[in-house]
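A.B. asks: Dropping a structure here in structure tokens format, bear with me for questions.
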Amino acid sequence: MSREILEATRALAAEKGIPADKLFVALEDALLSAYKKQPGSAKYARVEIDHDTGDFKVFELIIPERLEAQLIVETIDEETTVDPETGEMREPEEPEIDPVKFEQYRDQIDERDVTPDDFGRIAAQTAKQVILQRIREAERDMMFEEYQDRVGELITGIVQQSDSRYTLVQLRERVEALLPKSEQVDGERYDHSQRVKAVIKEVSASTKGPSIIVSRRDPELIKKLFELEVPEVADGLVEITNVAREPGYRSKIAVVSHASGVDPVGACVGPRGSRVRMVVSELRGEKIDIIPYNDEPARFVAKALSPARVREVLVDDDNRQATVVVPDDQLSLAIGREGQNARLAARLTGWRIDIRSETEFSEEEAQQGYEEEESSGRCAAVLANGRRCPNASLPGSRYCGLESHQALANIDTDRVADLARIGEQPPPEQEAALEEIADELAAKQGEPPTNGAAEEGSEPGEEEAELDDEAVGVEAEAERVVEQQPAEAAPGEAAEEPRS
């Protein structure tokens, strides 16, 4: 019987990948417990199994009274003496000395063989139960050690079972993970035998084995899917700095390149949108905006509001708040359905974003003004056609060098038309030329730019560069008009590109 136990133990250890010594130690503990249940068993004993022959013996430990008393006192001090229910002190019941302490005083302890005659039958019955139990425990420990360091990793599993509370996903043989309802995407169905990708969110130990929780809602899933599809992201040439996601509807990711000559947006989009299309397919049609990261908050906020066009951005660094001015026809697009676009942009940038239309902003500006434009920036004068002057403001002033526009500093309005009531109407020719230039500049800026973003796999185009060239031509024309004004008026500066 001993040889059979030895062979079975080694076979199971090799099959399950469990160290044989660990099974022998477990078997020794189980045999010792079985021995102590027999009548007349020794108070202190140990079981030894020969790893070569499979023979086992029981040895009684003969401990001197003084050493026994010392070990009992140490055991009582180490054990808790507080009742967990009442909180009162209590006396420990029959303290058991840790067998490890016997090893420390091995030279003071004598032993004698007390192996029972019928111990072979008891050993055979106990060995089967203990080996099976320890194999299950060892497998659970191995699985826990394997997955506890894999939190945040992308895994692929097969749906085994799905109900209203959770979905059971099989990762590999005898390893299953739970996809709770709180980590599922609204509207997604998980059918039996369907393959799904998810990220490991939590791994914890339990009596039934490691509890592995996976998620389809975590923003980390977006990063891992792009690492899988985009070699530049996997190699570290392109980094996804942040992800803002509303699962099942829309996501925005900010990307930055760490290698010269590598376009981060183009790398993530891929040839004809092939790379981002694979990610969108895995996310069951969720829209993805790819935004180039920028260290300048104003430009980053403007890009984050894509696909809406932004006229200018005023930032408050102290409160991390940005006021975004958009054309009137772009207001609803910038805010998004139920505020989704603005909400995702705020999460992506970490800035509080206040979106205003041009008309609303001009009215508020006329009433109270904005500190950002008091010393530099674009001229605050509003022409008769409702457009702002395309010239740059003079240092220390909110207006350009035109005499009529400087005259606005003495009245409580930014509208040039209001000068007529005080007899300071500018020359009609100059005003008409500026209105025409402002209209042309607005028309050129009204063409839909790429904003450096790709939605659902759109490729970046060259419209933005063409827009800049045309805007430069319009601004040069504005500068020529200002230079042709009367000599007593200070020449206005060329209009700068609106901050975005």
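A.B. asks: Condition first: under 23 Å from VAL276 (Cα atoms) and in contact (Cβ under 8 Å) with a residue 60 or more places away in the chain. Now tell me which residues in segment 176-224 satisfy that.
C.D. replies: Matches in segment 176-224: VAL185, ASP186, GLY187, GLU188, LYS197, GLU220, LEU221, ILE222, LYS224.
A.B. asks: Within segment 152-188, which residues are in contact with a helix residue (DSSP H, G or I) (Cβ under 7 Å, 6 or more places away or on another chain), within 26 Å of MET142 (Cα to Cα) and outside any strand (DSSP E or B)?
C.D. replies: Within segment 152-188, GLY152 is the sole residue that qualifies.
A.B. asks: Specify which of the listed residues (ALA322, ALA304) is within 25 Å of GLU286 (Cβ to Cβ) and aliphatic (A, V, I, L, M). Give the steps one after another, and end with the answer.
C.D. replies: Details: ALA322 fails: within 25 Å of GLU286 (Cβ to Cβ).
Within the list ALA322, ALA304, the selection yields ALA304.
A.B. asks: Among the residues of segment 265-275, write down those that are under 23 Å from GLU153 (Cα atoms) and either buried (at least 22 other Cβ atoms within 10 Å of the Cβ) or basic (Lys, Arg) (or both).
C.D. replies: Let us first name the residues in segment 265-275 that are under 23 Å from GLU153 (Cα atoms), namely 267-269, 275.
Scanning segment 265-275 gives CYS268, VAL269, ARG275.
A.B. asks: Restrict the check to segment 230-245 and report whether at least one residue is of a type in the set (Asp, Glu) and buried (at least 22 other Cβ atoms within 10 Å of the Cβ). Full working, then the answer.
C.D. replies: Initially, segment 230-245 is screened for residues of a type in the set (Asp, Glu), giving 232, 235, 239.
Among the residues that remain, those that are also buried (at least 22 other Cβ atoms within 10 Å of the Cβ) are: 232.
So far as segment 230-245 goes, yes, one or more of its residues are of a type in the set (Asp, Glu) and buried (at least 22 other Cβ atoms within 10 Å of the Cβ).
A.B. asks: So, one more: Under the condition of being over 18 Å from TYR166 (Cβ atoms) and out of contact with any strand residue (DSSP E or B) (no Cβ under 7 Å at 6 or more places or on another chain), which residue from segment 199-224 is modelled with the highest pLDDT?
C.D. replies: Quick first cut of segment 199-224, residues over 18 Å from TYR166 (Cβ atoms) only: 205, 207, 219-220, 222-224.
Filter once more, keeping what is out of contact with any strand residue (DSSP E or B) (no Cβ under 7 Å at 6 or more places or on another chain): 205, 207.
Values: ALA205: 78, THR207: 66.
Across segment 199-224, the extreme among qualifying residues is ALA205.
A.B. asks: Which of the residues belonging to segment 316-334 are buried (at least 17 other Cβ atoms within 10 Å of the Cβ), in contact with a helix residue (DSSP H, G or I) (Cβ under 7 Å, 6 or more places away or on another chain) and outside any loop (DSSP other than H, G, I, E, B)?
C.D. replies: ALA322, VAL324, VAL325, VAL326, ALA334 - these are the residues of segment 316-334 that are buried (at least 17 other Cβ atoms within 10 Å of the Cβ), in contact with a helix residue (DSSP H, G or I) (Cβ under 7 Å, 6 or more places away or on another chain) and outside any loop (DSSP other than H, G, I, E, B).
A.B. asks: Yes or no: segment 37-46 includes at least one residue that is farther than 23 Å from ASP110 by Cβ, under 54 Å from the mean Cα position of the chain (by Cα) and in the same structural domain as THR115 (by TED's automatic domain parsing).
C.D. replies: Quick first cut of segment 37-46, residues farther than 23 Å from ASP110 by Cβ only: 37, 39.
Cutting the leftovers down to under 54 Å from the mean Cα position of the chain (by Cα) gives us none.
There is no residue in segment 37-46 that is farther than 23 Å from ASP110 by Cβ, under 54 Å from the mean Cα position of the chain (by Cα) and in the same structural domain as THR115 (by TED's automatic domain parsing).
A.B. asks: Considering every residue within segment 292-313, establish whether at least one is under 22 Å from LEU237 (Cβ atoms) and among the aliphatic types (A, V, I, L, M).
C.D. replies: There is no residue in segment 292-313 that is under 22 Å from LEU237 (Cβ atoms) and among the aliphatic types (A, V, I, L, M).
A.B. asks: Ok, one more. Quickly run through segment 14-31 and pick out the residues that are more than 16 Å from PHE59 (Cα to Cα) and part of a helix (DSSP H, G or I). Step through it out loud before you land on a result.
C.D. replies: Let us first name the residues in segment 14-31 that are more than 16 Å from PHE59 (Cα to Cα), namely 14-24, 26.
Listed by number, the residues that qualify are ALA14, GLU15, LYS16, ALA20, ASP21, LYS22, LEU23, PHE24, ALA26.
A.B. asks: Could you say whether any residue in segment 189-199 is aliphatic (A, V, I, L, M) and in a loop (DSSP other than H, G, I, E, B)? Let's see the steps before the verdict.
C.D. replies: Filtering segment 189-199 for residues aliphatic (A, V, I, L, M) gives 196, 198-199.
If we keep only those that are in a loop (DSSP other than H, G, I, E, B) as well, we get none.
Scanning segment 189-199, I find no residue that is aliphatic (A, V, I, L, M) and in a loop (DSSP other than H, G, I, E, B), so the answer is no.
A.B. asks: Can you name every residue in segment 200-213 that is part of a strand (DSSP E or B) and buried (at least 17 other Cβ atoms within 10 Å of the Cβ)? Walk me through how you get there before you give the answer.
C.D. replies: Taking segment 200-213 and keeping what is part of a strand (DSSP E or B), we get 200-204, 211-213.
Within segment 200-213, ILE200, LYS201, VAL203, ILE212, ILE213 qualify.
A.B. asks: May I ask you to say which residue of ALA34, ALA42, ALA11 is among the small types (Gly, Ala, Ser), under 19 Å from ASP113 (Cβ atoms) and in a helix (DSSP H, G or I)? Break it down stepwise before answering.
C.D. replies: Numbers: ALA42 fails: in a helix (DSSP H, G or I); ALA11 fails: under 19 Å from ASP113 (Cβ atoms).
Of ALA34, ALA42, ALA11, the one residue that is among the small types (Gly, Ala, Ser), under 19 Å from ASP113 (Cβ atoms) and in a helix (DSSP H, G or I) is ALA34.
A.B. asks: In addition: For segment 179-198, enumerate the residues that are within 13 Å of GLU282 (Cα to Cα) and aliphatic (A, V, I, L, M).
C.D. replies: Residues satisfying the conditions are VAL185, VAL196, ALA198.
A.B. asks: Considering only residues of segment 48-70 that are over 18 Å from ASP107 (Cα atoms) and of a type in the set (Val, Ile, Thr), which is surrounded by the fewest Cβ atoms within 10 Å (Cβ to Cβ)?
C.D. replies: The selected residue is THR53.
A.B. asks: Inside segment 163-182, can you point out the residues that are at pLDDT 85 or above and small (Gly, Ala, Ser)?
C.D. replies: ALA177, SER182
A.B. asks: Among the residues of segment 247-258, how many are surrounded by fewer than 16 Cβ atoms within 10 Å (Cβ to Cβ) and either at pLDDT below 90 or closer than 25 Å to GLY336 by Cβ (or both)?
C.D. replies: We begin by selecting, within segment 247-258, every residue surrounded by fewer than 16 Cβ atoms within 10 Å (Cβ to Cβ); these are 256, 258.
Right, trim to either at pLDDT below 90 or closer than 25 Å to GLY336 by Cβ (or both) and you get 256.
Number of matching residues: 1.
A.B. asks: If I go through segment 234-290 residue by residue, how many of them are within 20 Å of GLU183 (Cβ to Cβ), among the hydrophobic types (A, V, I, L, M, F, W, C) and without any contact (Cβ under 8 Å) to a residue 12 or more places away in the chain?
C.D. replies: The qualifying residues number 0.
The values are calculated or read from the model by the stated rules, or taken from the named source; none is laboratory data. Remember, it's a predicted structure, so these values are computed and weren't measured experimentally. A quick note on method: Cβ atoms are made from the backbone with ideal geometry, for glycine too, and the neighbour counts reach across all protein chains shown.
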